[in-house]
Structures are given as structure tokens and as C-alpha cells.
1. Report the net charge of residues surrounding I99, where surrounding means a beta-carbon distance below 11 angstrom and charges are Lys +1, Arg +1, Asp -1, Glu -1.
2. Over all distinct alpha-carbon pairs, what is the Kirkwood Rh of the chain in angstrom?
3. Give, as a single signed number, the net charge of other residues whose beta carbon lies under 15 Å from the beta carbon of K28, with Lys and Arg counted +1 and Asp and Glu -1.
4. For K130, what charge total do you get from the other residues with a beta carbon under 15 Å from its beta carbon, if Lys and Arg give +1 and Asp and Glu give -1?
5. When the C-alpha atoms of the range 59-114 are aligned to their principal axes, what extent does each axis show, in angstrom, from largest down?
6. Counting heavy atoms of the protein chains only and a 1.4 Å probe, report the per residue accessible area for the chain as a whole number of Å².
7. For the residue pair T131 and K35, what label-to-label distance in nm results when each label sits 7 Å from Cα along the Cα-to-beta-carbon direction?
8. What order do R14, R93 take when sorted by accessible area (1.4 Å probe), most exposed first?
Amino acid sequence: MNGLYKGLSPLWARQIPYTVMKFVAFEKTVEAFYKNVFTKPKNEYSKGTQLSITFCSGYIAGILCALVSQPADTMVSKLNNMKTAGSTMDNVRQIYSEIGFSGLWRGMGARIIMIGTLTGLQWWIYDSFKTMVGLQTTGGAPVPAKK
């Protein structure tokens, strides 16, 4: 039974910060784009421009997701490939002693490209769907109601 759960703690150490970063970074990046770069009211930009902002914001959020999750993801992969039984913390210590701090970051460039692209596309698909059903894209100041 222990083998089924040996990677659970490191998985949580990866997935929780990853998910928090995905949402917070995306929202803050969209907000920053509309505040600092695209400064006209959001509704003055085409849907294509708004969806481009969505994709770029998602890509930036994905880069940050990759940065916060890489060490734990490396550890989860190594733990799942271990043949020895032992406590999770003992196994984590053993892996860390073998690969060191720099080993936790191997493959970061490829991960940034992969996670950045996937996250950007996820947010783009989400906002594309929202526009198809008549909703607004994410972010920007709300459009004031006309009187």
C-alpha cells in the first residue's frame, strides 16, 4: 500500500503551488497588460487582440508555474522510479544527495516551453469559449453600463 502513496507529498508540493501560480499569475498578468500596455478601455480592442493578451498572459503564467513546480516534479519522477522501499523523506534525502540542488532544475528550458505553451493555450481556449457564448474575455476594467 505504501508504494501507491510514496509520491503523494512531493506531488502536493508540486501541484498546489503550481495551481495557485497558474491562476494568480494569469489574473495579475492580464491586469498588468491592460493597465500598462493596452491602456484603452478593453472593449476598444478587437477580440483577436484580447485573445492574444489572454494567450501571452497564460504563457507568462506557465513560465512561473514551471519555475515553482520544477524541483518537486523532478523529485516525484525520481521517487516513482526508485526500486527501494523506505520512508518518503529518506528517499527524498537520498535523491537530493545524488542529484544536488542543480539536479532539481535540469530540463528547465524545455519545461518552460512546454508548460508556457500549454498554459497559454488553456487560457486562450477558455477565453475563446467565453467569447463564443457571448461573455467577455478575462481581465481589464469592467465596461461601465450605459445609461
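1. Numbers: positive: K78, R106; negative: E98.
Its environment carries a net charge of +1.
2. Evaluated over the chain, this radius sits at 17.3 Å.
3. That works out to 0.
4. Spelling it out: positives minus negatives among the neighbours equals 0.
5. Result for the range 59-114: principal-axis Cα extents of 39, 17, 15 Å.
6. Per-residue accessible area for the chain comes out at 62 Å².
7. It is 2.4 nm.
8. R93, R14
The values are calculated or read from the model by the stated rules, or taken from the named source; none is laboratory data. Predicted, not measured: the structure shown is a model, and the values here were computed from it. Here Cβ is always computed from backbone atoms with ideal geometry, including for glycine, and neighbour counts include all displayed protein chains. Please note that ligands, DNA and RNA were not included when accessible areas were found on the heavy atoms of the full protein model with its side chains. Shrake-Rupley method; radii C 1.70, N 1.55, O 1.52, S 1.80 Å.
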